[in-house]
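Reviewing the structure listed below.
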Amino acid sequence: MIKDKNIYVTQPLLPPLEQVTNYLKEIWSDKWLTNMGAKHKLLENRLKDILKVQGVSLFNNGTIALLTALKALDLPYGSEVITTPFTFAATPHCIAWNGLVPVFCDIDPETMCINADAIEKLINNKTSAILGVHVYGFPCDVEKIDMISQKYNLKVIYDAAHSFSTEINGRGIGSFGDITMFSFHATKLFNTVEGGCLTYSDPKLEDRIYNLRNFGIISEEIVADIGLNGKMNELQAAIGLLNLDIFKEEQCKRAVIKNTYNKNISGTKGIRIPQLLENTTDSYQYYPIVIGQDYPITRDELYAKFKSINIMTRKYFYPICSDYECYKHMPSSCKSNLPIANDMKNRVLCLPFYGDLPVDICNKICEVIRDPY
Ligand code: T4K
């Protein structure tokens, strides 16, 4: 039993409080709290370099960012967007909130991302886009998805909520597809408490996204578009600027935890540790394991075992989105269309993974996995 307090799947990265106070003093003195202030501009510019992308637009959270991305691409109302059920609720909800229809595609058993080979059979004359999710920081097959999108003239949006700073062959993950969304929620490697951004290469998207994020207001007397309020405020941007200075250090600490897990868990019968491809860098967002049929207990029994000793692992993602009340009636939600996703939802467990996870707890977690009885 871990004494006194629960161990969670993650802990937020927090900058030194004195530095936050200094920034707060500046904000108090400027009396500029939101609506694209100085810190907002600075953070957007710094993120362009870090994410290796041409355009960045900040948002008050990742969900509103994704909602805006779909709107900015002017997908025909009622058209279909092919996506994965193995994701957080926000992904299909943003499709549906735009008056579009999410069509679920099965996933790849190794990466747990949308299976690019299964996309084509779901395309019909109503399909307008593909929305892939780089689950746990494992990239989708961006090359194949790019080829499919060109062949069928589809837009491509990526949900990179888990993939801050991931690169493929040295290229920022946010530079693939038409628009990519990053989440800066408290539980993400890099956070602005709540927050997120969109990245894109087409310069025309910058103005469109700017307006959609700000009620569609062009000037004091012109409202040109049906926008919403997606603005990140100066307090969020300040936390972001400070966390940008320390996220790499956090990644290094997480690399140590990851090595400890890898060293102590790999080789355990029935446990698979999903691997990144060699050309891809790790975001260090989550540490998932896959519990096979030859492991002595089920995923849910292992989850319960951890919970009984105050270690709160997470079943990301169970249930999958095709199981939700609001989507389960859709033809693409049927289990025969999604065999891998329906299998994986009962097998994946995300272990506690953050820089300050104490070594003895990390070792205890490995011990339980090696011998769950
Ligand atoms: N797309 C994908 C693929 C996503 O995963 C997400 C969000 C989104 C889109 C939407 O982006 P945002 O609109 O959120 O920017 C959490 C997060 O709330 C959510 O942001 C995230 N995905 C999802 C995967 O995880 P829950 O329901 O698991 O959160 P919660 O409150 O249970 O937090 C997890 C653990 O973290 C807690 O057990 C304890 C710890 N924690 C949490 C918070 C909020 C802390 O230690 N401190 C904290 O302040 O959804």
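Read the figures in this text as sums done on the coordinates, not as results from a lab. Predicted, not measured: the structure shown is a model, and the values here were computed from it. Backbone-built Cβ (ideal geometry, glycine too); neighbour counts: all protein chains shown.
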Taking the alpha-carbon set of the chain, what are its Rg and Dmax in Å?
20.9, 69
Note on region 120-246, DSSP bridge orientation, antiparallel percent to nearest 5 equals 55
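Below 12 angstrom from the Cβ of GLN11, what's the summed charge of the other residues (Lys, Arg +1; Asp, Glu -1)?
On the way: positive: LYS5, LYS188, LYS253, ARG254; negative: GLU250, ASP356.
Overall, the nearby charge balance is +2.
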Dimensionless Rg/Rh of region 54-159, both radii on Cα and Rh by Kirkwood, sits at 0.93
Give the order of TYR316, TYR152 when sorted by the count of other beta carbons within 10 angstrom, beginning with the fewest.
TYR152, TYR316
Placing +1 on the Cβ of each Lys and Arg and -1 on the Cβ of each Asp and Glu in the chain, which of PHE88, ILE239, GLY196 has its Cα farthest towards the positive end of the resulting dipole?
PHE88
Rounded, prolate or oblate: which fits region 83-142, taking a ≥ b ≥ c as square roots of the Cα gyration tensor eigenvalues, rounded meaning a/c under 1.5, else prolate when a/b beats b/c?
oblate
Using only the alpha carbons of region 11-57, what is the convex hull's orientation-averaged projected area in square nanometres?
4.4
Test item: Cα-centred dipole of the chain, Lys/Arg +1 and Asp/Glu -1 on Cβ, debye:
700
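Would you order MET312, MET36 from fewest to most other beta-carbon atoms within 10 Å of each residue's own beta-carbon?
Ordered from fewest to most neighbouring Cβ atoms within 10 Å, MET312, MET36 come out as MET312, MET36.
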Of LYS315/LYS345; LYS258/LYS364; LYS52/LYS151; LYS155/LYS204, which pairs sit farther than 18 Å apart, going by alpha carbon to alpha carbon?
LYS52/LYS151
Contact order normalised by length for region 217-326, with contacts defined as Cα pairs under 8 Å and 6 or more residues apart; what percent is it?
15
Could you list, bin by bin from short to long, the percent of Cα-Cα pairs of region 270-357 in 5 Å steps?
3, 12, 18, 20, 18, 16, 10, 3, 0
Region 158-218: relative contact order from alpha carbon pairs under 8 Å, six or more residues apart, as a whole percent, is 26
Check the straight Cα-Cα distances from LYS121 and name the aspartates and glutamates below 13 Å, setting aside those fewer than 8 residues away within the same chain.
ASP106
Equivalent ellipsoid, region 1-104 (semi-axes from 5 times Cα gyration tensor eigenvalues, Å):
33, 25, 13
For ILE222, project a label point 7 Å along Cα to C-beta. Then give me every residue of region 192-207 with its amide nitrogen under 19 Å of that point.
204-207
Return a whole-number percent for the relative contact order of the chain, with Cα pairs under 8 Å and 6 or more residues apart as the contact set.
23
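Expressed in whole Å with the largest first, what are the equivalent ellipsoid semi-axes of region 245-314 derived from the C-alpha gyration tensor as the square root of 5 times each eigenvalue?
Taking √(5λ) for each eigenvalue gives 25, 16, 10 Å, largest first.
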Scalar couplings 3J(HN,Hα) for region 191-201 by Karplus 6.51 cos²θ - 1.76 cosθ + 1.60 (θ = phi - 60°), nearest whole Hz, x for Gly and Pro, are 10, 10, 6, 10, x, x, 8, 10, 10, 6, 9
Sort MET330, MET344 so that the residue with the fewest other Cβ atoms within 10 Å of its own Cβ comes first and the one with the most comes last.
MET330, MET344
Starting from the Cα of LYS25, draw a straight line to each of the lysines and keep only those under 16 Å, dropping any in the same chain fewer than 8 residues away.
LYS39
Summed residue charge, Cβ within 13 Å of ASP146's Cβ, Lys/Arg positive, Asp/Glu negative
+1
Pull up the cross-link candidates among the aspartates and glutamates for LYS307, meaning alpha carbon to alpha carbon under 20 Å and not fewer than 8 places away within one chain.
ASP4, ASP356, ASP360, GLU367, ASP371
